[in-house]
1. Evaluate the following for residue 190: is it within 25 Å of residue 43 (Cβ to Cβ), in contact with a helix residue (DSSP H, G or I) (Cβ under 8 Å, 6 or more places away or on another chain) and surrounded by 14 or more Cβ atoms within 10 Å (Cβ to Cβ)?
2. Being within 23 Å of residue 54 (Cβ to Cβ) and not in a helix (DSSP H, G or I) is the filter here; which residues of region 136-160 pass it?
3. Of the residues in region 23-54, how many are farther than 26 Å from residue 140 by Cα and either part of a helix (DSSP H, G or I) or touching a helix residue (DSSP H, G or I) at 6+ places or on another chain (Cβ under 6 Å) (or both)?
4. Can you list residue pairs whose Cβ atoms sit under 6 Å apart, with the first residue in region 170-181 being closer than 18 Å to residue 152 by Cα and the second being at pLDDT 90 or above and in a loop (DSSP other than H, G, I, E, B)? Count only pairs 6 or more apart in sequence or on different chains.
5. Can you tell me which residues in region 55-68 are more than 23 Å from residue 21 (Cβ to Cβ) and touching a helix residue (DSSP H, G or I) at 6+ places or on another chain (Cβ under 8 Å)?
6. Would you point out which residue out of 59, 10 is surrounded by 14 or more Cβ atoms within 10 Å (Cβ to Cβ) and more than 27 Å from residue 173 (Cβ to Cβ)?
7. For region 156-168, name all the residues that are out of contact with any strand residue (DSSP E or B) (no Cβ under 8 Å at 6 or more places or on another chain) and either modelled with pLDDT under 95 or surrounded by fewer than 18 Cβ atoms within 10 Å (Cβ to Cβ) (or both).
8. Check residue 137 against each of (1) surrounded by fewer than 18 Cβ atoms within 10 Å (Cβ to Cβ); (2) modelled with pLDDT of 95 or more; (3) farther than 30 Å from residue 22 by Cα and name the one condition it does not meet.
């Protein structure tokens, strides 16, 4: 792993780790209900992955390790898939939902949301693709990217069924992502689409990561 890539990854992972700790702590104090959101969960997962990356990257810098373990690289991919899903859903879906509800599109990019909806996901994407490229993550590992989304889908489905009204809708209080706006009849299709979308994101990240690794970008200065 080149020194440039290592330092670039370390800087971005440190940013992710610190921002997640700060925002997650603020949410725990001021808005603990936020922990039921995929956004919060995915960012915390990314923060954990970043923290693990930091430990191993420091060990590489002090020459106690020569390379990141495969499981660490795979875990980072899984976590970045989650925050990428958060970023894309907010940017291309929830932002416009906010407008339809009479709010500004940018209300979802203020305060804590600036970090969890934008800065942390972007830092995760850049670090994984640009500085952490590897040929070691096998294609079959891309299916691990689905675990969090599938678990959350089960949770969200149970939540919807519990709070389902006779007319087939769910109160906004319990339909946090407006997935049942079209009624319970459209809900299964929304869920299937989200699962497919999640896999597509993870696969795309995997391809981009491998592509950068094959170009040997930043490999001019190797670790001594």
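1. no
2. Of everything in region 136-160, those that are within 23 Å of residue 54 (Cβ to Cβ) and not in a helix (DSSP H, G or I) turn out to be 136, 137.
3. Going through region 23-54, the residues farther than 26 Å from residue 140 by Cα turn out to be 23-37, 40.
Imposing the further condition that a residue be either part of a helix (DSSP H, G or I) or touching a helix residue (DSSP H, G or I) at 6+ places or on another chain (Cβ under 6 Å) (or both) reduces the set to 23-30, 32-36, 40.
Adding up the residues that qualify gives 14.
4. 170/163; 170/180; 174/163
5. The initial filter retains those residues of region 55-68 that are more than 23 Å from residue 21 (Cβ to Cβ), namely 62-67.
Hits for region 55-68 are 65, 66, 67.
6. 10
7. Of everything in region 156-168, those that are out of contact with any strand residue (DSSP E or B) (no Cβ under 8 Å at 6 or more places or on another chain) and either modelled with pLDDT under 95 or surrounded by fewer than 18 Cβ atoms within 10 Å (Cβ to Cβ) (or both) turn out to be 157, 158, 159, 161, 162, 165, 166, 167, 168.
8. (1)
The values are calculated or read from the model by the stated rules, or taken from the named source; none is laboratory data. Predicted model, so just to flag it, every value in this text is computed and none were measured. Cβ: placed from backbone, ideal geometry, glycine included. Neighbour counts: every protein chain shown.
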